[in-house]
Amino acid sequence: MNQRDINLLNKLVSNARAIISNHVAISLGVLIMTGIISDLKYKGIEVNIDLNIFNEVYSLINQYAIGTERLRYNFEYLEKQDKELDRIIALYKNQILSKCFEIVNRYGNRNE
């Protein structure tokens, strides 16, 4: 495994930790995670963890304003959207957190 592959795994772990610790909102963490997962697949890096929950949740929330995109909208619109988004995230929160812990436990203490 070369340094770029290791860096990508480190990003996966870092994002998982950020989700667990609430440094990023779960919705933004899912968005970031799907990008990292896509990069891992493109590079052919196997993580031996089923990461489908992130893609599944992303498919449900991708039409909502997430991250800095939220700056484009007014409060009333975001308030309405957040109620719907929070409802979806609540349904999947435990699965997402569990998967984040699995990522950290498997790859968070590597000494490569």
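Collect the residues in the stretch 78-91 that are open to solvent by less than 100 Å² (accessible area, probe 1.4 Å) and free of Cβ contacts under 8 Å to residues at least 60 places away in the same chain, keeping them in residue-number order. Answer for the stretch 78-91, where residues must be open to solvent by less than 100 Å² (accessible area, probe 1.4 Å) and free of Cβ contacts under 8 Å to residues at least 60 places away in the same chain: LEU78, GLU79, GLN81, ASP82, GLU84, LEU85, ASP86, ILE88, ALA90.
The conditions are (1) within 17 Å of PHE101 (Cα to Cα); (2) touching a Lys or Arg at 6+ places or on another chain (Cβ under 8 Å); (3) not hydroxyl-bearing (Ser, Thr, Tyr), and GLY29 fails exactly one of them. Which is it? If we test GLY29 against (1) within 17 Å of PHE101 (Cα to Cα); (2) touching a Lys or Arg at 6+ places or on another chain (Cβ under 8 Å); (3) not hydroxyl-bearing (Ser, Thr, Tyr), just (2) comes out false. Taking the stretch 92-112, which residues are assigned to a helix (DSSP H, G or I), of a type outside the set (S, T, N, Q) and either open to solvent by 70 Å² or more (accessible area, probe 1.4 Å) or out of contact with any Lys or Arg (no Cβ under 7 Å at 6 or more places or on another chain) (or both)? If the condition is that a residue be assigned to a helix (DSSP H, G or I), of a type outside the set (S, T, N, Q) and either open to solvent by 70 Å² or more (accessible area, probe 1.4 Å) or out of contact with any Lys or Arg (no Cβ under 7 Å at 6 or more places or on another chain) (or both), then TYR92, LYS93, ILE96, LEU97, LYS99, CYS100, PHE101, GLU102, ILE103, ARG106, TYR107 are the ones that fit. Might you let me know whether the stretch 18-26 holds any residue that is in contact (Cβ under 8 Å) with a residue 12 or more places away in the chain, over 19 Å from ASP86 (Cα atoms) and surrounded by 16 or more Cβ atoms within 10 Å (Cβ to Cβ)? There is no residue in the stretch 18-26 that is in contact (Cβ under 8 Å) with a residue 12 or more places away in the chain, over 19 Å from ASP86 (Cα atoms) and surrounded by 16 or more Cβ atoms within 10 Å (Cβ to Cβ). Scan the stretch 48-77 for residues that are exposed (fewer than 13 other Cβ atoms within 10 Å of the Cβ) and in a helix (DSSP H, G or I) and the total you get is 10.
The values are calculated or read from the model by the stated rules, or taken from the named source; none is laboratory data. Values in this document were obtained by computation on a predicted structure and should not be read as measured data. As a convention, Cβ positions derive from the backbone with ideal geometry for all residues, glycine included, and neighbour counts pool all protein chains shown. These area figures cover heavy atoms from the full protein model, side chains too; ligands, DNA and RNA do not enter into them. Shrake-Rupley method; radii C 1.70, N 1.55, O 1.52, S 1.80 Å.
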